[in-house]
Amino acid sequence: MRNLRIFFEYIDGWMRAVALILMVFAFGPVMIGQTAPDSISICPPGEAAEVIEPEPAQGSESRLMTLEEIAVATDTIIANYDSEWKDLSMQGKLSFDGLPMSVSVKLYMKRGESVILSARAPIFGEVARVEICQDSIVLINKHTRTYNVQSLTGLDVDSKAYLCDLQDILLGQVAFPGHGRITPQNASQSQWIDLPTDDALIYPSAELQVAGTEYGFVMDSLCWQLKSFVLMLSKTGVVVETKYLYGNKGWTLGIEITLPKKKLGGEAQLSYPDYNPTPLEFTALGSKYRKVDFKELMRF
């Protein structure tokens, strides 16, 4: 029974983390409403946050890239884009340090309309979900038949555009929330910093930053694939990082959230996208489920 409780605590905590990422990526401008600071925190696992300034210090091995270098890099990134798609799905395994049993996950996305993340465990079946559409984000605990919902109606943003950008970032593509995928124009509005590790930092200008957050992209400067997306909430100092590792048959999406007093983290080993998927439908909540706050969602 104790292992079962630990299992659901891990699942629920991870789902909360994913929900936070979805809310911040898609609707940060109106949910946070604070001024972004002048630097971005890049915090690898197990290390203290390293502050990388937009302007490298004199004498540093890092340097600002030239306009010619930026143009070549941008063309390479754009050439690697996935073609336009209507819907897709990915499947795989979710892992944590200390998780008492394996969890399978399925991620289904409909372009500009929905993101559904489902987690299943042996014997228990589906145990948790995160469901996002243009007007709400819902966390569902299938074990206790409870859910928590965040309404997004009435927000003064183009929710479809933000959702498209969220989907691109989850797929390992460079997109500026509210401004679309990378283009020569928005690339020129960003600072590109060549780092001494065969990496490069794309640091969006103030015009591209999301109010109340600060974010940037760490790229592999040898092939210009996305290695990590890092986002910091100005008001709380919470840092969210997604990491991407690409293989022959699939890829790994790592997620780490650094809170004031602890870290939440895990990774999903996923297949590459299936562009002819079996859709996931939204959960029919009705009378079988009870709406609760976050605290009660954790009870078992």
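The values are calculated or read from the model by the stated rules, or taken from the named source; none is laboratory data. Nothing here was measured: the structure is a model prediction, and the numbers come from that model. Neighbour counts are summed over all protein chains in view; Cβ atoms, including those assigned to glycine, are modelled from backbone coordinates with ideal geometry. In case anyone asks, the SASA skips ligands and DNA or RNA and just uses the protein heavy atoms, side chains included. Shrake-Rupley method; radii C 1.70, N 1.55, O 1.52, S 1.80 Å.
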Once normalised by the length of segment 130-254, the mean sequence separation of its alpha carbon contacts under 8 Å that are 6 or more apart gives a contact order in percent of 12 percent
Rounded to the nearest Å, the spacing of the alpha-carbon centers of segment 112-172 and segment 239-300 is 9 Å
For residue 160, counting only lysines whose alpha-carbon sits under 23 Å away and dropping same-chain residues fewer than eight positions off, the answer is 86, 106, 110
Filtered hits (lysines, Cα-Cα < 16 Å from residue 288, offset >= 8 within chain) -> 142
To the nearest 0.05, the calculated FRET efficiency linking residue 290 and residue 104 through their beta-carbon distance, R0 being 35 Å, is 0.85
For segment 145-219, averaging the sequence separation of alpha carbon pairs under 8 Å that lie six or more residues apart and dividing by its residue count, the contact order in percent is 20 percent
On the accessible surface of segment 231-275, probed at 1.4 Å with all protein chains in place, carbon and sulfur together account for a percent value of 57 percent
In terms of the alpha carbon gyration tensor, root eigenvalues a ≥ b ≥ c, rounded if a/c is under 1.5 and otherwise prolate when a/b exceeds b/c or oblate, segment 234-277 is prolate
